[in-house]
Amino acid sequence: MKHIPIILSIITMLLVGCGPEKSSEDDHGHDHSAGGLEPVSYTLYSDRTEIFVEFKPLVVGEISKLAAHFTILGERFMPLTSGTVTVSLINGDTGIEMSSESPSSPGIYRLALKPSRDGMGKLIFKIETKEFKDQITIDSIPIYADASAAISDQKPSTTGDDISYQKEQAWKVNFANTPVVKQPFSSIIKTSGQIMPSPGDEYVVSAQISGIVTFANQHILQGSEVAAGSQLFTLKSNEVVQSSLGTAVLEAKNELASAQKNYTRATELVKDRIISDKEFLAAKLRFENAQNQLSRVSVTKNFNTNRQNITASISGYLKDVFVENGQYVEAGQALATISKNKKLILQANVSLKYFDKIPLITSANFKPANSQITYSTDTNGGKKITYGRSISENAPFIPIHFEIESKSDIIPGTVGEVFLKLSSKQNVLVIPASSLIEEQGLFFVFVQTGGEKFQKREVSVGGNDGQNVSILDGIKEGERVVSQGAYHIKLVMASGELPAHGHEH
């Protein structure tokens, strides 16, 4: 512990205003005699860190122990397990500080301060790890001249409807909270849909001659990756086919040579108006048809009447293999399908009653069956490409198609729920759909009122787009709701077991 002079300077720090959370004997199991000092606690957030700190009121000349709980924010909240934490108590132009180079247990740093003068100060917590640095400031911390002054300033402890759920419990499960915010929210049409391959993302490999197919290697299997130009199959034709193809190629070459000569001559004659434009166009058309005919009957520019080597025209993976090694195939028969696997199509089936709203649909969310993950066309490079203008007798729905980028965990054929987004409303109270708990047709959320305090609140739900829900009543902007782990708190609450407390102060 040391006293340090403080020189006022411009320091970038997070200034968060909040009042102390009064801790009670029921909350933490402390044995406070009548008239004794009750601990206070504060919970604050930066962009990366949550701090929940408990300590007895600061009194001049007395050591106050601080139990500071640090949580790294993210999709799952995790305890800070390494790094140095420094706490500074600033009072006017003087201050004291203490550092701890490691937590006493995951997420918990034990610190202590002994103030030397009374007044109104502030606590600054600095976090330094290998991955990041952070700083959180608690303003307006009272420092009392003596214990009697602190006791006289205490307010009665109240627990209300708070549920106690310790950090040590939250860190063991998939837990997170999020602030309630106002943001644009779209009206929704909920329906079903399916992921399909993009037609422009696939290429059918076909036989150009009849014959026996031989696989190029043992890896010609569904799902195998192939590179453009790599050999897939070899086709060996029989003698009859060889003869007819050889004759056809020879005839096509002769016709092309004659047509080219005639076209060259016509090009010169038409300049001098010796022949009409009609005759010139006829010569040109004959030449182009001869080119097409030769391309059609030639397997490759190095045509071999004995065999055809079939290569992949694009890079991708083998979506389907339609033939077996050694099988006889006819000319034009499909051998395999290659998919680039870069684009997919989301097809949603819309009821006819929404036909007039289809042009207003801008994007969609897709939740695969038996999955907790919801994908959005907004964040997957998606766009609406087309929709049907008619329905069939067997399927009285209108298809609407979105093109999205392919992901490893989304495969063609996947079915699920689709949330079609229409025009959006501004300044709507929104929370993640994962925050909701349904009980007998009613919806509830857990609101975090303090570091280890929660309230179960009934809420009125408006729309649901599969990712977020709009809230009509029950919570306020700026409150924090549990977005991951709500059912775990519910189970702890239902068990009636009080958590084992024992934070030092």
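Some observations on this one:
- Count of residues meeting criterion [of a type in the set (D, E, K, R) and either within 21 Å of Ile411 (Cα to Cα) or part of a loop (DSSP other than H, G, I, E, B) (or both)] in the range 223-237: 1
- Matching entry among Ile220, Ile189 (being in contact with a Phe, Trp or Tyr (Cβ under 8 Å, 6 or more places away or on another chain) and assigned by TED's automatic domain parsing to the domain that holds Asn380): Ile189
- Leading residue by the ranking (surrounded by the fewest Cβ atoms within 10 Å (Cβ to Cβ)) among those in the range 360-371 that are touching a residue at least 12 places away in the same chain (Cβ under 8 Å) and not hydroxyl-bearing (Ser, Thr, Tyr): Ala369
- Taking the range 153-206 as the range and being exposed (fewer than 14 other Cβ atoms within 10 Å of the Cβ) and among the acidic types (Asp, Glu) as the test, the residues that pass are Asp153, Asp161.
Yes or no, residue by residue, for (1) surrounded by 15 or more Cβ atoms within 10 Å (Cβ to Cβ); (2) modelled with pLDDT of 85 or more; (3) outside any helix (DSSP H, G or I):
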residue	(1), (2), (3)
Val270	yes, no, no
Ile274	no, yes, yes
Phe287	yes, yes, no
Leu294	yes, no, no
Glu324	no, yes, yes
Thr337	yes, yes, yes
Asn349	yes, yes, yes
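- Any hit, the range 66-80, residues being over 26 Å from Phe175 (Cβ atoms), part of a strand (DSSP E or B) and assigned by TED's automatic domain parsing to the domain that holds Ser152: no
- For the range 369-413, the tally of residues that are under 30 Å from Gln484 (Cα atoms), assigned to a loop (DSSP other than H, G, I, E, B) and of a type outside the set (S, T, N, Q) stands at 11.
- Cβ-Cβ under 6 Å pairs, at least 6 apart or on other chains, the range 334-349 side in contact (Cβ under 8 Å) with a residue 24 or more places away in the chain, far side of a type in the set (Lys, Arg): Thr337/Lys319; Ser339/Lys319
- Enumeration of residues in the range 421-450 that are without any contact (Cβ under 8 Å) to a residue 24 or more places away in the chain, in contact with a strand residue (DSSP E or B) (Cβ under 9 Å, 6 or more places away or on another chain) and not charged (D, E, K, R): Leu442, Phe443, Phe444
- For the range 161-199, the set of residues classified as assigned to a loop (DSSP other than H, G, I, E, B) and touching a residue at least 40 places away in the same chain (Cβ under 8 Å) consists of Asp161, Asp162, Tyr165, Gln166, Trp171, Val173, Asn174, Phe175, Val180, Ser198, listed by residue number.
The values are calculated or read from the model by the stated rules, or taken from the named source; none is laboratory data. Note that this is a predicted model, so its numbers are computed, not measured. Glycine gets a Cβ as well: all are built from the backbone with ideal geometry, and neighbour counts include every protein chain shown.
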